[in-house]
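Chemist: Please find one structure pasted underneath; my questions will follow.
The values are calculated or read from the model by the stated rules, or taken from the named source; none is laboratory data. Since the structure is predicted, the reported quantities are computational estimates derived from the model, not experimental observations. Methodologically, a virtual Cβ is constructed for each residue, glycine included, from the backbone with ideal geometry; neighbour enumeration extends over all protein chains shown.
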Amino acid sequence: VSAGADFVGPDSCVTIGDGTCSVFITSDDTGTYTIDASTSGTAVGGVTFDLDADAVEKTYVDARLTLTPPEATNAVGDDHEVTATVEADLGDGLWVPVVGETVTFTVSAGADFVGPDSCVTIGDGTCSVFITSDDTGTYTIDATTSGTDIDGVSFDLDAEAVEKTYVDARLTLDPPEATNAVGDDHEVTATVEADLGDGLWVPVVGETVTFTVSTGATFVGPDSCVTIGDGTCSVFITSDDTGTYLIDASTSGTDIDGVSFDLDADAVSKTYVDAWITITPQEGVNEVGDPHTLTAAVMWDDGTGPYPAVGFDVEFDPEPAGAGFVGGINLCSTNALGECAVQLISDTPGTYVITATSKVNVDGVIFDLTTDGTGNNSIPAAKTYVDARIDITPLVDMNPVDEPHTFTVEVRVDSGSGWSPAPDGTEVEFSFETNTAGAIFVGGVDNCFTSGGTCDVTINAPSAGLVVVSATTDVNVEGEILTRTTGTAGNGDNAEKTYQEPPDLIVVKTNDANRDGVFTDTESTGWPAYPNGFGNEYYEYRFSFADGTVIEGWSETNEASIAGFGDTFHLSCSDDFGFFKPGLPDGFGEKGSPLPGETPLVGYDIVKHKDGRIDTSCGWGGTLVTFKVEITAIGADQLITDVIDDIHFEGFEPATWSPYCQDLEGNPIDGLIPADTTVECYFDGLVDPRFVDPANYDDKNHYRFVDINGVVYEGTTDSGDLTLPGYSDGIHMSCSDEFGFGDSDPTNDGYGESGSPLPGEVPFASYSIVKVKNTDGEIEKTCGGGTYTENNTVTVTTDPEGWDIILTDSDDSTVIDESGPLPPNCDLCAFGDPTAIVMTYTGGTCAVSNNTQGDKGDCADGSPAPGTVWILASDDANPYDSGASVFFSGEVSLDEAFTMAGSFSSNTYLHVMSGDPSLGFVTEYQLVQLHTSCSADLIEGQIFGSLTLGDANAPDACPAPPPNCDLCADSDPTSIDMTVLGGSCGDSNNTQGDKTDCDDFGGTGIPGAGTVTVRVSNDSDPGNGTVFFEGPVDVGNAFTFSGNFSSNTYIHVFSGASQVQMIQLHTSCSADLIEGQQFGGLLLGDPTNPSSCLFEDTTGSLRLDRVIVPGLPGPASVYDVHRISNI
């Protein structure tokens, strides 16, 4: 066979019966092949033939089925075309298309045909089908034909399978939804990923993602980003408006294995929410003390519109301090309208800024809301409280009948910057509240209009009587109309005007700064003439000297020059003329600064006359006074003469009495006081001098005693003891003796050795002792005239448990003093060492201690103490010592008294604790060391930390000791009060000498009204140094500066931007620091502070130190002295 074909088996065969035999050929290649055959030595009939057949031809043909493309990649979901080609090789080696052949396709699972799965070949032998897949992966496509005829040869064709890979890509946004507060930045993150056909998503790096956001929100920065290694990138959006906003993102031409994707993410949503708080009204003006309603509204918006925020707490906070809330409630909860309200109130003028705050949760977003003006929040509310005041001057005065009297009214307003004059033109209307004198307004004008805050009206009366005038105004303060009337709280009193027919008694209240407890009201009869042609103001004086010289006269001014003396007399009741200044001779000089070498002064009287009456009087040589006593007869008529005879005033010279009585209508009473009727009795006379003029200046004691019968014993003794005729015991001439005053038994009021009176001795009404040193003739000590105290004001009321004194025939004498019925002896050591001591737990730290035990007592604080404590009193500082002597141990409540008893040693230790120390460890709040051996004072009423000596709740409890005026009495002060009086350096009146200094900077010093700025430091330069106080102070008000003071402290006073005064105050206690002394325009101390020795309770009349009433014959409960006052 020709080349290209091969035998299948042997290439020869042996004929059989029919003379035939066969071989087989084949070829893998198309083409026509020649087959030849031959025999060799074929014998036929003996003939041998070599046969050679004619060659024959064999043609081999072929057919094929192919698929294209052999492999490809598409995006999922895309249609993919697969083309089949059917061809035949007819033996010539050329492939020619087979037309009309049906090709059937198959595809592996996961992919599907788009249309039929077969096709018929066309002229080029091809036909196509389409597949697709929604899932990534690689899929196999196959194709076959059946019975394909090629030149009579039938072929079942099967194509080689092809592969199709489907890939995918995706763009996602995160978070799918979120909620933020308006104005907050929100991050949106895009992620680009691809699935390369293996079902795994992998990040696509470097792809640009472009974002869009719906209207109302904006991008913070760019609106596109490029993916990084994890396939992500981010942009930020924000919105100032509530609502829900859609964020979309896309890519363009993202290539995944040659497949380009334009990706578009599913949009995400962002909701912006808001909440806000407002406060109304935003501003307003109210009168002090008036509640003002503040309403807060809380709203929220979740993107669908604003709604009330219900049930949320709102807190209100005012600044600065000074305003509060009604009921102390500054917290409220919002109602269905989102609103709630509180009531602001203040008794202090000023503008307060009120902030409201709340915490609101809106769809998980927490808003801390405050009225700060941001966003939809309102600004804080501003509330101004205003005040006004009206005063009339003079408050009390007397005029002769038919003499016009002018009342000046002052209207002041305060909106927080201090008192200032009311607006000009403010109308004031006057009215008569009482008018027994028939007074009228002159010219019928009962109103006036202010200028500079003041205006006047004038009245006159044709007859004697009392006129009480009130004034009312409606004043505009910052748009708020305030009504103010005298005689009401916060305003001045109504004015009292007494019209008098001369020469009836005229009583004028005066002021004496020299004599605590001495009664300085003066009286005169008629209208004094003006001597020597003086005008309406002049001075009458009398000075007594140690050598017996008396100089008296008149002066038209307050300066009197007297021959033989080097300095003038300053005629002022505020001068002390050197009395009681250690180291300085008692004398006189300008502003009370005595000149060394001048003749010592032992007594004086000064009377200032003004406007036809006595304006002021003072002195040591006897002062005119008038006492008024209201008396009620109890149960029966009483002879007025008996009553008058039974009333004696200590320190009041009986021989000068000029008593008279009248009923409450002013009608004279000469006979009986009707039963259960009250009358007023007046006693005019001289208050005894506190000491007598000594005859010489040897070392002597000068004395003067007045018994209740008016007998006077006076003289001079070289001895410390004095024996008077008719008395069995001697008088110990010592100012430390009390001469029986204060004894619980009034029959013991007398005198005796060391103040121990003998029963049966005659009580006496007053005494004075002067001890004179022989070294320089200086008066060393003076005492007497009663029990003088710092507090010279008192009110005597009709309270039967307090001040009423029932005088009975069993009384030898009754003493009326500042505490009503005579209290028990306050000195626990008066009759030897005590064996029982009552104390009261009054609370407080060691800082409130006020006692005279000095360094023999002590106090130490621990933790703050509660209302109920355990108190252990023993002789041991260790509360856990079981061997200690216990004087008291038990639970004590606040203001509860307890008694400790035993044989006290020098020191008794009072442990204030949380419980009984014998049961285990307890907290010690305070330890008080009390000296109990009587070598130190044990005075009831004195305070030792949280404990008060005595039963503080008893109606006859002893008073606490008065405050000490000497700021250096115990130690260097760390806190000092001063009051701005106004005035120049020339007004200084103090005893610091050359250790103090004052500079007015060429001006007139501190103004007398308005507000100044005070800066206190340790440097004379107001811009340097350690500052102890700095701030505005109204003239008339006090300020406090505190710190660790050095030798000199500098007080700089400014009016506006200008410095008007500088005071150099010596604060190291090597010079006096005494309250009441004046430095330029500043007063040391605060008269309005109850703890100051300058404080005066001005609610009542001047106090009577003592009133002594002897026993009376007759029935018990004769009469009731129920109000005693010094007019």
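Chemist: For S918, are the conditions met, namely being of a type in the set (S, T, Y) and outside any strand (DSSP E or B)?
Modeler: Here the answer is yes, as S918 does meet what is asked.
Chemist: A further question on this structure: Does G253 qualify as being free of Cβ contacts under 8 Å to residues at least 12 places away in the same chain and not hydroxyl-bearing (S, T, Y)?
Modeler: Taking the combined requirement at face value, the residue satisfies it.
Chemist: Filter the stretch 299-324 for residues that are crowded, with 19+ Cβ neighbours inside 10 Å and not small (G, A, S); which is farthest from G289 (Cα to Cα)?
Modeler: Looking at the filtered set, the residue picked out is D302.
Chemist: For the stretch 174-228, which strands (runs of 3 or more DSSP E) that fit wholly inside it have 3 or more residues that are out of contact with any Gly (no Cβ under 6 Å at 6 or more places or on another chain) and touching a residue at least 40 places away in the same chain (Cβ under 8 Å)?
Modeler: 177-181, 186-195, 208-213
Chemist: Follow-up question, since we're still on this one. Return yes when V61 is in contact with a Pro (Cβ under 8 Å, 6 or more places away or on another chain) and either within 29 Å of I141 (Cβ to Cβ) or in contact (Cβ under 8 Å) with a residue 24 or more places away in the chain (or both) and no when it is not.
Modeler: Considered against the rule, which asks whether it is in contact with a Pro (Cβ under 8 Å, 6 or more places away or on another chain) and either within 29 Å of I141 (Cβ to Cβ) or in contact (Cβ under 8 Å) with a residue 24 or more places away in the chain (or both), V61 comes out as no.
Chemist: Can you find a residue in the stretch 247-254 that is of a type in the set (S, T, N, Q), part of a strand (DSSP E or B) and surrounded by fewer than 18 Cβ atoms within 10 Å (Cβ to Cβ)?
Modeler: So far as the stretch 247-254 goes, yes, one or more of its residues are of a type in the set (S, T, N, Q), part of a strand (DSSP E or B) and surrounded by fewer than 18 Cβ atoms within 10 Å (Cβ to Cβ).
Chemist: I'm told A109 meets every condition in (1) within 30 Å of L196 (Cα to Cα); (2) touching a strand residue (DSSP E or B) at 6+ places or on another chain (Cβ under 7 Å) except one. Can you identify the failing condition by its number?
Modeler: Here A109 meets the rest and fails (2).
Chemist: Going through the stretch 49-90 one residue at a time, which ones are under 27 Å from T148 (Cα atoms), out of contact with any Lys or Arg (no Cβ under 8 Å at 6 or more places or on another chain), surrounded by fewer than 15 Cβ atoms within 10 Å (Cβ to Cβ) and not β-branched (V, I, T)?
Modeler: E57, P69, P70, E81 - these are the residues of the stretch 49-90 that are under 27 Å from T148 (Cα atoms), out of contact with any Lys or Arg (no Cβ under 8 Å at 6 or more places or on another chain), surrounded by fewer than 15 Cβ atoms within 10 Å (Cβ to Cβ) and not β-branched (V, I, T).
Chemist: Tally the residues that are over 30 Å from M299 (Cβ atoms), surrounded by 21 or more Cβ atoms within 10 Å (Cβ to Cβ) and β-branched (V, I, T), restricting the search to the stretch 369-423.
Modeler: 6
Chemist: Still on this structure, please answer the following. Give the residue, chosen from N1044, N1037, N1048, that is closer than 30 Å to V413 by Cα and either within 33 Å of the chain's Cα centre (by Cα) or at pLDDT 90 or above (or both).
Modeler: Exactly one residue qualifies, and that residue is N1037.
Chemist: For the stretch 132-156: of the residues being modelled with pLDDT under 95 and among the hydrophobic types (A, V, I, L, M, F, W, C), which is nearest to L196 (Cα to Cα)?
Modeler: Filtering the stretch 132-156 for residues that are modelled with pLDDT under 95 and among the hydrophobic types (A, V, I, L, M, F, W, C), the one nearest to L196 (Cα to Cα) comes out as F155.
Chemist: I'd like the full set of residues that are touching a strand residue (DSSP E or B) at 6+ places or on another chain (Cβ under 9 Å) and loosely packed, with under 15 Cβ neighbours inside 10 Å, limited to the stretch 11-31.
Modeler: Hits for the stretch 11-31 are D11, V23, F24, T26, D28, D29.
Chemist: Would you check which residues across the stretch 968-1018 are over 23 Å from S1058 (Cβ atoms) and more than 29 Å from the chain's Cα centre (by Cα) and list them?
Modeler: C968, A969, D970, S971, D972, N989, N990, T991, Q992, G993, D994, K995
Chemist: Here's a follow-up. Select the strands (runs of 3 or more DSSP E) contained entirely in the stretch 327-419, then report the ones holding at least 1 residues which are on the phi > 0 side of the Ramachandran plot.
Modeler: 350-362
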